[in-house]
Amino acid sequence: MRGFLRLTVCAVSCIPRRPCSGGRPPAPLGGRILSNPDHIFQHNTWDHVQWTEEETEKARQKAEENSKEKIPVEEQSKYDREGHKYWDRFYEMHQRKFFKNRNWLLIEFPELLPPDDAGMCRLEQEQGSGVDSCSEQQPCASSKLTSHTNAFPGQHAAFRILEVGCGAGNSVFPIISTIRGSKAFLYCCDFSSRAIELIQEHPDYDPAVCHAFVQDICDTTSPFPFPPESLDIILVVFVLSAIHPARRAQDVVKGLAGFLKQGGVMLFKDYGRYDLSQLRFKKGQCLSENFYTRQDGTCVYFFTKDEVHHLFSNAGLEELQNLEDRRLQVNRGKKVVMHRVWIQSKYRKPYLISAAD
């Protein structure tokens, strides 16, 4: 759930949108390319970085080295069993100060925007991005209200979003400010009760457009406050990496997919294999292959593109996007260069085709 991300431009749009200005849409995941190595310290970040074979092998060896000494099996279960305690302690200590608001989110994932042609232009004007909106068209999830016998928060909304693992609200409040006044509604959940308290205590929290609740997504028997097939968008950003991949990640994705409408989209971003943060782990912090525990007891896994694809396709979703986001993060003052790796993906629940069609 931790990571540094910068504002980038979108790859695909959920609905047809008019460009705010002429020209072609920018490249997915940013368009700042380092073509001359002598210019590396001219910017803080470079996009679409290609690793040499030597750099890849060095990273592989470093990860192999820090994984040789595993945490004893008898101690490993506590990180799963007491995970909510570690995250409660984390949010109690850091409050809302640890992460910056993800203001890049609605540019990189325009599917979050309610079906309003003017929405993208308004967003770009407010953020002063100066980039064109995406012109590629994708069908939107159905906005028809799901029939449900029991009342539930957001039941009258025409467009429903769920953020899983919302933390202290670094995605929640940028989304709220965008959907306010529309027919959209945001649900957000975390299994840290302290994180949910911080969201509900925030002056911008508005129950008219958002419902925050405590939820352990690994507990497949625990009910959600909305019916199946009622969501247009599910946002899963730096969340699945905190779940043991061999035990629960697949069940979590499959369970979440059941809440998507036909045509609904799951948006994913998380740590990629050999990211800088993986290589910085010391011996004795490894739980299993590519899965570690931090000093504060929280855990993190580092994905490959293929692993992500299997997670979502095995849940019955079809790929719209599955990209490896490799960047150089530069400290110009200290002349330090750091390799960052994330995976960004978009998967859609297929439309059912009747025999008559």
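Some points to look at:
- Restricting LEU198, LEU186 to those that are in a strand (DSSP E or B) and touching a Lys or Arg at 6+ places or on another chain (Cβ under 9 Å) reduces the list to LEU186.
- Consider the stretch 236-251 and keep the residues that are in a helix (DSSP H, G or I) and in contact with a Leu (Cβ under 8 Å, 6 or more places away or on another chain). The one that is modelled with the highest pLDDT is LEU240.
- Highlighted here are the strands (runs of 3 or more DSSP E) found entirely within the stretch 296-357 that include at least 1 residues which are acidic (Asp, Glu) and more than 16 Å from the chain's Cα centre (by Cα): 318-331.
- Only listed residue being buried (at least 16 other Cβ atoms within 10 Å of the Cβ) and in a strand (DSSP E or B), chosen from LYS254, LYS261: LYS261
- One residue stands out in the stretch 313-333 among those that are among the small types (Gly, Ala, Ser) and out of contact with any helix residue (DSSP H, G or I) (no Cβ under 7 Å at 6 or more places or on another chain): the one that is farthest from LEU260 (Cα to Cα), namely GLY333.
- Residue list for the stretch 51-72, filter: surrounded by 11 or more Cβ atoms within 10 Å (Cβ to Cβ) and in a loop (DSSP other than H, G, I, E, B): TRP51, SER67, GLU69, ILE71
- Residue within the stretch 21-43 that is among the aliphatic types (A, V, I, L, M), closer than 30 Å to LYS335 by Cβ, modelled with pLDDT under 85 and in contact with a helix residue (DSSP H, G or I) (Cβ under 8 Å, 6 or more places away or on another chain) present: yes
- The condition of being surrounded by 16 or more Cβ atoms within 10 Å (Cβ to Cβ), among the β-branched types (Val, Ile, Thr) and farther than 22 Å from LEU105 by Cβ holds for only one of VAL330, VAL337, VAL308, VAL341, that being VAL330.
- Look at (1) farther than 24 Å from LYS70 by Cα; (2) modelled with pLDDT of 90 or more; (3) loosely packed, with under 14 Cβ neighbours inside 10 Å and you find that ARG280 fails only one, number (1).
- Just one of the listed residues (TYR274, TYR292) is assigned to a strand (DSSP E or B) and surrounded by 19 or more Cβ atoms within 10 Å (Cβ to Cβ), namely TYR292.
- Considering residues of the stretch 225-251 that are charged (D, E, K, R) and under 29 Å from LYS183 (Cβ atoms) only, the residue surrounded by the fewest Cβ atoms within 10 Å (Cβ to Cβ): GLU229
- Of the criteria (1) within 22 Å of the chain's Cα centre (by Cα); (2) modelled with pLDDT under 85; (3) on the phi < 0 side of the Ramachandran plot; (4) of a type outside the set (Phe, Trp, Tyr), which one VAL49 fails: (2)
- Residue pairs meeting the criteria (Cβ under 6 Å; at least 6 apart or on separate chains; first closer than 17 Å to ASN290 by Cβ, in the stretch 48-63; second among the aromatic types (Phe, Trp, Tyr)): ALA59/TYR274
- Only residues that are part of a helix (DSSP H, G or I) and within 25 Å of PRO228 (Cβ to Cβ) were counted across the stretch 156-175, and they come to 2.
- When residues of the stretch 179-203 are limited to those that are under 18 Å from the mean Cα position of the chain (by Cα) and in contact (Cβ under 8 Å) with a residue 60 or more places away in the chain, the one nearest to ASP216 (Cα to Cα): PHE191
The values are calculated or read from the model by the stated rules, or taken from the named source; none is laboratory data. Keep in mind it's a predicted model, so treat the numbers as computed, not measured. Neighbour counts are summed over all protein chains in view; Cβ atoms, including those assigned to glycine, are modelled from backbone coordinates with ideal geometry.
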